[in-house]
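The values are calculated or read from the model by the stated rules, or taken from the named source; none is laboratory data. What you are looking at is a predicted structure, and each value in this text was computed from that prediction instead of being measured. No Cβ is skipped: glycine too gets one built from the backbone with ideal geometry, and neighbour counts run over all protein chains shown.
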Ligand SMILES: [Fe+2]
């Protein structure tokens with residue numbers, strides 16, 4: 001379980017020491033501006049700039065681990081490449097080697113572990129967008145999780161790409177935070193309200209699968225900024241209010257801007273995303289006429305209650 005703190009209740013930031021030094025405290029512009037300056041220095045400008053090759057996924061070298069750690073400290077994500085299929089065990093082993101160990105419990109299997117993501121036309125999983133060939137809207141993983149079990153880190157690994165499509169778009173939530181706060185600090189204020197976003201309960205055939213989850217969009221967990229977001233239109237309840245409406249509109253425009261700060265990359269076989277649960281989406285894909293379930297696009301996903309990088313004192317950016 002992780003400790004969640006909304007700025008409304010307590011802006012204390014462990015990683016930044018004293019409360020008055022938290023860059024995520026709306027009353028502390030100087031701490032924010034110092035952090036913002038460091039954050040944006042040499043910030044990578046494309047997916048190509050955050051890629052790392054791993055020679056042996058069973059045992060990444062210190063250099064490889066350092067490269068991923070530095071990228072994650074800067075952008076909250078890295079793209080890695082290995083030269084062989086990982087399988088579920090291999091993906092978990094790689095995540096563990098990179099510091100992600102506390103697995104989230106997925107909603108559908110109710111067993112912690114690595115989940116296969118592919119186009120499944122039938123069955124319970126097939127009712128959920130990730131297990132189709134449809135586009136996914138922008139989100140962070142586990143936005144429907146309990147407040148004390150947020151997904152802080154995740155691995156998304158491509159075993160087999162689709163014949164066409166399936167492009168990932170990725171945005172560092174800290175960059176979105178900067179754009180929002182620079183535009184209007186009140187956007188951050190409303191996004192950090194503890195009742196900003198509710199995901200209604202999930203009931204299947206009269207059985208409660210998951211209770212309703214209410215929480216902030218932005219929060220501070222153990223001193224780090226955390227984002228809980230979904231752009232879905234259905235099964236979501238936003239707290240009423242003009243400022244929150246405008247904040248959401250601003251964020252959606254940022255996410256949808258083809259010249260905006262999001263990275264775009266189509267993961268090839270052997271490539272994966274390792275991240276502190278950044279904002280992400282997926283375009284629709286096609287497996288091809290001769291490809292069916294079992295040999296089409298196959299991704300592996302593992303979610304964790306750990307973050308990847310430990311921010312060094314003061315700066316927060318490598
Ligand atoms: Fe996701």
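Looking only at region 127-140, residues that are more than 9 Å from the ligand (Cβ to nearest atom) and not in a strand (DSSP E or B) come to 8 in all. Could you check region 24-45 and list, in sequence order, the residues that are part of a helix (DSSP H, G or I) and either crowded, with 19+ Cβ neighbours inside 10 Å or without any contact (Cβ under 8 Å) to a residue 40 or more places away in the chain (or both)? Residues satisfying the conditions are 29, 30, 31, 32, 33, 34, 35, 37, 39.
Screening 176, 247 for residues that are within 30 Å of residue 99 (Cβ to Cβ), modelled with pLDDT of 95 or more and not in a loop (DSSP other than H, G, I, E, B) leaves exactly one candidate, 176. Annotation note: of 108, 143, the sole residue that is within 15 Å of the ligand (Cβ to nearest atom), in a loop (DSSP other than H, G, I, E, B), surrounded by fewer than 21 Cβ atoms within 10 Å (Cβ to Cβ) and at pLDDT 90 or above is 143.
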